[in-house]
Structures are given as C-alpha cells and as structure tokens.
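These notes are about the structure you will find just below.
The values are calculated or read from the model by the stated rules, or taken from the named source; none is laboratory data. The shown structure was predicted, so the numbers you read here are calculated from the model rather than taken from an experiment. Ideal geometry is used to build each Cβ from the backbone, glycine not excepted, and the neighbour counts take in all protein chains shown.
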C-alpha cells in the first residue's frame, strides 16, 4: 500500500484511524508495516494490509510466519505475544469461519493459477454495472470493489480516472490483485472481510460483483455494506438470478455438491471438460452471427461467452465446480435487501445470462 492511502482505512472494531508504522518501503509502497489503533494492530504483508478478525486473523498470523520472524524485533510487545499465541493455538474454527476460509481459498487458487488477464475485462466490468453505472460516472470518485479477486475490476475502475479505487478480498488472491495494480497510484488493495469492513462512510460508489451469493449468510453480509457509503453514495451488486436458471439449479449445483471436495489441482484439470463444451457451443453462435441470424444467435446457450477467450471459460468452469456454496435469488428478494438496508432510488435489471444487477442510493 501507499502511505497516502492510510487515511481511507479504519479499525473495523473501533472505527478509529490508524497510525502507520513502516518496517520496509520500496518504490513508493509500504511492503511491510503495521497499522495500529488504540485497541489492536494489523500487519501489512507483501504490500497488502491484512485487516481480519477472530480465527481468520489467527490464520493470517500462522500463514505468514516468515513476516513475523523477519520483523519480530520491531513489533510491539502485544503483536509479538499475539503471534506466539496464534502459533500455539489449535482451537477449531466455527462453521461460519470455516466456510469463509474455504471459499476464500477456492477463489485464491482460481485467481493465482487459472486466471489470465484479457482484452475483454473492461467490457465485462461495465456489463455487470450496466445499465446503471457507466465509465464517466466513476471519474473523480472514491470507489470500493468488494470481493476484488484478481483485482481486474478494481483496475478498470481506476483506469476510469477515479480519485482512488480500493479493492478488498478475504483470501490470498489479494496478492494477485496487488501485483496487477501496484503501478497504479490511485489503487489500494486490502485483505478484509465483508462482515467487518475497515472503512467509515467515504465511498461514492461501492460494488460487489459475483461475490455475495457465495457467502454463508449473503443478506447479512450485504446489510453491512451501506455503512461504507457517504451520503448519496451508490451501492451496486451483481448476483445469480434464480428465474429462468434451471441449468444452474438442477445441473450445476448437484454436480458441485459432489466434485467440490476434490483436490483443487485435479478439479482444475476436470474444468477443461465443461470449458471445452462451452467453447464448442460458442462456435455455433459465431456461425449464426456470420449468417446474419443475430436474434437466433442470442438464443444459443452460453452466448455471453462467445467473444471471451478460452481461459475465461476455464476460469468460470472452475468457479462453478469448486466454490463451496452458491445461492440464487429472485429480483424481488434482492430489492427487498436494498429496502431493508434503507437505500433509496432502488433499481434492478435482470441480465439475459441469468444475473441480477441492483443499485440503490444511501441517505
């Protein structure tokens, strides 16, 4: 992270600003450091603030043992003691935290080992935001990408000339996102939990694309999010549609329940089968386009993927098979979420590829 981004982040427990302690700095980034509040501290590891709570925080302390060995003499006494306690702790996680961690690890594998950046991501980003947010709407704004994954959409928000674009994710995919965006002066990537976001009311636009429907309690997670918006700020989400989505409900989900327990490397290879099937079906879409049958081409299954490179189809196939849980919703349910969060000017659009984009305004 960059020093100038520190004021955007707050302690999720107290909502207080942080004091930044720099342990190592290079090329304008704090590669290693500590964010300190009156009641807690959070490490900055490999350029990314790791602002997690409870058992997920303990897991960070265990996973990044090298960081603490390297800088242990520079850590506050409280930090050293907590790290040693984390290494000795063998308590079982709650079911909720276990689900969160498994989901985060699944996506981290996907973004680290499968995803490849491509020329279609800008169109993909604004497709998910459509028809409510366009490129010009992001200029000069403070934006938040909730569940940023590889950082692909955080990047395209920043390239729309935002004032600053922050991206958060629960898993180790934040390291992929940081690598993708570290040369961009208006981007900050943070490892954080949707259920305990480290921000006050600062954002003009916050969006979560394809994330909430994987949570252990999606509505509860969503209700936490409007608290990051400034007055008249916009919240936008994209989730799976239940309506007209029999293929997902009665084929993908039963299949997922069986194969998601397989080792990730094997599941990755298995994902080539559905990806190749989609790629083959897309050839029919291309043929119909060439023949001028545009309306008919849009009725072919998976037409949305027709212009995407094969790797994106492989990435999404793995997503479908590996994620621990997916939920599907009617648009009426999602609009009720926004009403219960006291958002106004609520609008929702059902995309042809079985997704829902919904937007509302805070204040």
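Quick look at the values:
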quantity	calculated
Qualifying residue in the stretch 246-256 (condition: in a helix (DSSP H, G or I) and touching a strand residue (DSSP E or B) at 6+ places or on another chain (Cβ under 6 Å))	no
Lone qualifier among 269, 339, 335 - being free of Cβ contacts under 8 Å to residues at least 12 places away in the same chain, assigned to a helix (DSSP H, G or I) and in contact with a strand residue (DSSP E or B) (Cβ under 9 Å, 6 or more places away or on another chain)	339
Every residue from the stretch 26-59 that is within 22 Å of the chain's Cα centre (by Cα) and not in a strand (DSSP E or B)	46, 47, 52, 53, 54, 55, 56, 57, 58, 59
The stretch 193-220: number of residues that are in contact with a helix residue (DSSP H, G or I) (Cβ under 6 Å, 6 or more places away or on another chain) and closer than 18 Å to residue 357 by Cα	7
Hey, residue 162 touching a helix residue (DSSP H, G or I) at 6+ places or on another chain (Cβ under 9 Å), surrounded by fewer than 23 Cβ atoms within 10 Å (Cβ to Cβ) and modelled with pLDDT of 95 or more or not	yes
Scope the stretch 196-217; condition more than 13 Å from the chain's Cα centre (by Cα), surrounded by fewer than 21 Cβ atoms within 10 Å (Cβ to Cβ) and not in a strand (DSSP E or B); matching residues	200, 201, 202, 216, 217
Count of residues meeting criterion [closer than 18 Å to residue 115 by Cβ, touching a helix residue (DSSP H, G or I) at 6+ places or on another chain (Cβ under 6 Å) and assigned to a loop (DSSP other than H, G, I, E, B)] in the stretch 292-329	1
Residue in the stretch 275-287 that is touching a residue at least 40 places away in the same chain (Cβ under 8 Å), out of contact with any strand residue (DSSP E or B) (no Cβ under 9 Å at 6 or more places or on another chain) and surrounded by 14 or more Cβ atoms within 10 Å (Cβ to Cβ) present	yes
Failed item, numbered, when residue 56 is tested on (1) in contact with a strand residue (DSSP E or B) (Cβ under 7 Å, 6 or more places away or on another chain); (2) more than 20 Å from residue 197 (Cβ to Cβ); (3) at pLDDT below 90	(2)
Check on residue 118, in a helix (DSSP H, G or I), in contact with a helix residue (DSSP H, G or I) (Cβ under 9 Å, 6 or more places away or on another chain), at pLDDT below 95 and more than 24 Å from residue 4 (Cβ to Cβ)	no
Test result for residue 225, outside the structural domain of residue 32 (by TED's automatic domain parsing), assigned to a helix (DSSP H, G or I), crowded, with 18+ Cβ neighbours inside 10 Å and touching a strand residue (DSSP E or B) at 6+ places or on another chain (Cβ under 7 Å)	yes
Where a residue in the stretch 161-189 is on the phi > 0 side of the Ramachandran plot and its partner, wherever it lies, is assigned to a loop (DSSP other than H, G, I, E, B) and modelled with pLDDT of 95 or more, with Cβ under 6 Å and at least six apart	161/139
Complete set of residues in the stretch 25-45 that are closer than 17 Å to residue 7 by Cα and in contact with a strand residue (DSSP E or B) (Cβ under 6 Å, 6 or more places away or on another chain)	30, 33, 34, 35, 36, 41, 42, 43, 44
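Residue-by-condition table, conditions (1) under 23 Å from residue 254 (Cα atoms); (2) under 20 Å from the mean Cα position of the chain (by Cα); (3) surrounded by 17 or more Cβ atoms within 10 Å (Cβ to Cβ):
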site: 296; (1), (2), (3): no, no, no
site: 299; (1), (2), (3): no, no, no
site: 302; (1), (2), (3): yes, no, yes
site: 309; (1), (2), (3): no, no, no
site: 320; (1), (2), (3): yes, yes, yes
site: 336; (1), (2), (3): no, no, no
site: 339; (1), (2), (3): no, no, no
site: 362; (1), (2), (3): no, no, yes
